[in-house]
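Values in this text are rule-based calculations from the coordinates and carry no lab data. Nothing here was measured: the structure is a model prediction, and the numbers come from that model. Backbone-built Cβ (ideal geometry, glycine too); neighbour counts: all protein chains shown.
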């Protein structure tokens, strides 16, 4: 299914990223909610496990719009795309309840190693930090495939797929772990991805971004009751790899 074997050991690099000069792209805004297209590498909020970070989405957005914002969900630091905030505490609570009840439709784009099936359901429990298993369910469909004339391991070419994935549960690093489980790791993922593929992308194309993008959120507005759908365009590094693949 994949091209070449991956190293078992991974090195997690640390880099200080600065977003001070960057204006966050606002995708949606009304009186209760605001959504941004979060850049890859930007933390949602301060975290003791990421002491190298000096800027956070909450802080940057608060300064940009001049009022407090309340994150209603999380996406990984390395993942780009739709990040939704409430503008008041009541809305925050109502939206968090929707996410907890799996009433929010989420779609991600990812570029993975190998040729994935046309569509697949991944029903594979994931362990919490305390070791307890939680059910985790993902569905995805393959949008495009590419075979590049780039040798990899014992293979004369390298194969990749563009997938649209919908996690039906909200476990930590769910998509990253699920695609690793089916032997189609997401390019740029550390520590769940393929170390040799990540090295190839870094050395050949100067690319070390996690190619995972939160493309779409759909939910019921907590105040008006209307259906809301928010889409985020892919960002520069993801788009650059799409061109490498001739997609």
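Worth pointing out:
- Within a Gaussian network of the chain (alpha carbon springs, distance under 10 Å), most fluctuating of 41, 153, 193: 153
- Summary value for the chain: 22 percent relative contact order, contacts being C-alpha pairs under 8 angstrom separated by 6+ residues.
- Overall form of the stretch 157-239 per C-alpha gyration tensor (a/c, 1.5; a/b vs b/c): prolate
- Here the residues 172, 207, ranked from fewest to most Cβ neighbours within 10 Å of their Cβ, fall in the order 172, 207.
- Taking 195, 130, 208 in turn, the Gaussian network model of the chain (Cα-Cα springs below 10 Å) assigns the largest fluctuation to 130.
- 222 nm mean residue ellipticity, helices alone, for the chain (DSSP H n ≥ 4; -39,500 (n - 2.57); rounded to 500): -6000 deg cm²/dmol
- Relative to the longest principal axis of the Cα atoms of the chain, the long axis of helix 89-100 lies at roughly 40 degrees.
- Across the stretch 25-244, the volume of the C-alpha convex hull divided among the residues equals 134 Å³ per residue.
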